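Report on one structure; see the data block that follows.
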Amino acid sequence: KAILDLKLTLEVLETHGVPVIGYRTDEFPAFYSRSSGLPVDRRLDSPEEIARVLRAKWLAGAGALEGGVLVTNPIAAEHEIPHARIAGAIDQALADAQSLGIEGAGVTPFLLARVSELTAGLSLAANIELVLGNARLAAQVACALAESPGCADPR
């Protein structure tokens, strides 16, 4: 989500023993921006490295290694919206939601639509590129996990 307390999110993940891997980054990426200033637990630079870590965790079995792994994948630099630019739109959208009394399940769709409106569609385009980048990385990790030579980089 674009509207999260990233520091608190990392604290909760740590409390639950969920390691945070940064794909080609040392920083926890923000939604529209490549960096947040917050560190990840471990940087890995290839889908094969990620697959090895996942495989090792799953093969270790029950106990302290149960649970998930969060793989963070920053938005591509050419699609990034700098934090200083997007922060104002997010703050405005949050204020608008509060003034309109929007709560619960309606908050996220409202915020995404309002931020898109305030950025003239730039945030929606960035969101789409982020989803595509995540899908691409997920496919590459899945292929590495399957150890299939037929799974090449789809680009």
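The values are calculated or read from the model by the stated rules, or taken from the named source; none is laboratory data. Since we're looking at a predicted model, the values are computed, not measured. Please note: Cβ atoms are built from the backbone with ideal geometry, for glycine as well, and neighbour counts cover all protein chains shown. These area figures cover heavy atoms from the full protein model, side chains too; ligands, DNA and RNA do not enter into them. Shrake-Rupley method; radii C 1.70, N 1.55, O 1.52, S 1.80 Å.
A few comments on the model shown:
- Single match in 62, 120 (criterion: at pLDDT 95 or above, open to solvent by 60 Å² or more (accessible area, probe 1.4 Å) and small (Gly, Ala, Ser)): 120
- Residue 97 meets each of the listed conditions (1) over 17 Å from the mean Cα position of the chain (by Cα); (2) open to solvent by 40 Å² or more (accessible area, probe 1.4 Å); (3) free of Cβ contacts under 8 Å to residues at least 24 places away in the same chain; (4) more than 24 Å from residue 13 (Cβ to Cβ) apart from (2).
- Inter-residue pairs, beta-carbon under 7 Å, first farther than 19 Å from residue 129 by Cβ and in the stretch 140-155, second open to solvent by 50 Å² or more (accessible area, probe 1.4 Å) and modelled with pLDDT of 90 or more, 6+ apart: 144/48
- Residue that is farthest from residue 123 (Cα to Cα) [pool: residues in the stretch 13-40 that are among the charged types (D, E, K, R) and surrounded by fewer than 16 Cβ atoms within 10 Å (Cβ to Cβ)]: 14
- Residue selection: residue 56 satisfies the criterion of being part of a helix (DSSP H, G or I), open to solvent by 50 Å² or more (accessible area, probe 1.4 Å) and within 28 Å of residue 19 (Cβ to Cβ).
- Residue count, the stretch 1-46 (criterion: of a type in the set (A, V, I, L, M, F, W, C) and assigned to a strand (DSSP E or B)): 3
- Lone qualifier among 139, 152 - being at pLDDT 95 or above and either outside any helix (DSSP H, G or I) or open to solvent by less than 60 Å² (accessible area, probe 1.4 Å) (or both): 139
- Within the stretch 108-135, residues that are closer than 12 Å to residue 94 by Cα reach partners that are not in a helix (DSSP H, G or I) with beta carbons closer than 6 Å, at six or more positions or on different chains, in the pairs 110/102; 111/3.
- Restricting the stretch 8-42 to residues that are basic (Lys, Arg) and under 14 Å from the mean Cα position of the chain (by Cα), the residue that is nearest to residue 147 (Cα to Cα): 24
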